[in-house]
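The structure under discussion appears below in the form of structure tokens.
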Amino acid sequence: MTQVLVFFEELGAELSISQQELLTLAGQLGEISVVTTSAEPSPALAVQGIGSVYAPQADVPPGDPALADLLAEAAAQAAPDLVLGADTADATDALARLAVRLEAGLITSAESIEGTTVTKSVLAGAYTTSAQPVGGPLIATLRPNSVPAAVQPGSLPQITTLPVSPSGAVELLEETELPSTGRPALSEARVVVAGGRGVEGDFSLVEQLADELGGAVGASRAATDAGWIDHSAQVGQTGVIVSPQLYISVGISGAVQQKAGMQTSGTIVAINKDEDAPVFEIADFGIVGDLTEVIPQAIEELRARRQS
Ligand SMILES: Cc1cc2nc3c(=O)[nH]c(=O)nc-3n(C[C@H](O)[C@H](O)[C@H](O)COP(=O)(O)OP(=O)(O)OC[C@H]3O[C@@H](n4cnc5c(N)ncnc54)[C@H](O)[C@@H]3O)c2cc1C
């Protein structure tokens, strides 16, 4: 049976959607074991299908070179055919270090994995490629929203403590929880409503539409550079890459660098007053109109449908 080792670079009281997606895919591919950076894995790991959990002797912080030791020790125990992690900077960093240790490759932002064949889009979403490892296990990160999450609660799996401690090279001085917006994280949201220069500094309609749909708020670089919204909201080549089920582009022209971050979304709706805007080339549904007229009508219609 194929052995799949799943890396969780952080573990809260509940599994994130990305972590649930990783476990769902891992379960489809083979037997699951999990390696976590927390010495005391949380009850969130009580999920059907996880055979075993590997943990360090003490919590290992992100960026610590000891993560390579942790992953290598876990790989030595689990003998995985596949090692999967979330598509985050921290997980990619740690898995790249493991790949060097195992003389294997690392494929980031996978969109699907069948057997050991990974499919992902490249060159700003213009091409889809398939790749397979040559020797060594397949090590890959999974792009959020690539697999519908379907995990069932189970009993807490057996935990094996590995002889790995933090190296001391990285010290976590302080952890500050950011104030919650009540919205899902941009990178893993199923719905994203993004605003561009067309909102002319006022994101309130974009936020209202996002809240109506339970989605996250994104932005073009023109909007973040103008200081209308935090840079963390930027979608695109030099921002966050998203692949939600629904992406609503509002007052964004659709430059190639913006497309690179949202082109693989399931359904793309574009609202733009210029019928020749490039975003319409990739939109599934296009609305030519002024966003200040279109969004209030969309919100009104959504509310009416919810009540009926
Ligand atoms: C190296 C590099 C990296 C980059 N990385 C990114 C990136 O990661 N993400 C990103 O987004 N960009 C990125 N850019 C910038 C990118 O090239 C564009 O400049 C940017 O995306 C434009 O943002 P925009 O579409 O909001 O603005 P504009 O191109 O100015 O478009 C505004 C749109 O709003 C429409 N509009 C105006 N008013 C209304 C209204 N009332 N109702 C409806 N529509 C309206 C207009 O018709 C227009 O189409 C990058 C550029 C470079 C060079």
- prompt: Which semi-axes, in whole Å and largest first, does the equivalent ellipsoid of segment 3-161 have when worked out from the alpha carbon gyration tensor as the square roots of 5 times its eigenvalues?
  reply: 23, 18, 14
- prompt: residue 54's amide H: which non-local residues (gap 5+, or another chain) put their own amide H closer than 5 Å, with H modeled 1.01 Å from N in plane and none for Pro or chain starts?
  reply: 34, 35, 36, 160
field: Cα-derived Rg to Rh of the chain, Kirkwood definition
entry: 1.01
task: Please build a GNM for the chain, connecting alpha carbons under 10 Å apart, and tell me which residue among 182, 125, 215 fluctuates the most.
output: 182
field: segment 117-206, Cα convex hull volume normalised per residue, Å³
entry: 299
field: Residue list for segment 74-106, given a label point 7 angstrom along the Cα-to-Cβ vector of residue 116 and an amide N cut-off under 18 Å
entry: 75-85, 96, 98-106
field: Over the chain: helical MRE at 222 nm, DSSP H runs n ≥ 4 each giving -39500 (n - 2.57), nearest 500
entry: -7500 deg cm²/dmol
message: Could you sort the peptides 104-113, 83-92 by per-residue average Cβ neighbour count (10 Å cutoff), highest mean leading?
response: 83-92, 104-113
message: Show me the ranking of peptides 166-177, 257-268 by mean Cβ neighbours inside 10 Å, starting with the highest.
response: 257-268, 166-177
statement: Under 5 Å from the placed amide H of residue 112, counting only residues 5+ away or on other chains, we find 119
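Read-outs: derived from the displayed coordinates by stated rules, not from any lab. Computed from a predicted model, the values in this text were never measured in an experiment. With ideal geometry, Cβ positions are generated from the backbone for all residues, glycine too; neighbour counts draw on all protein chains shown.
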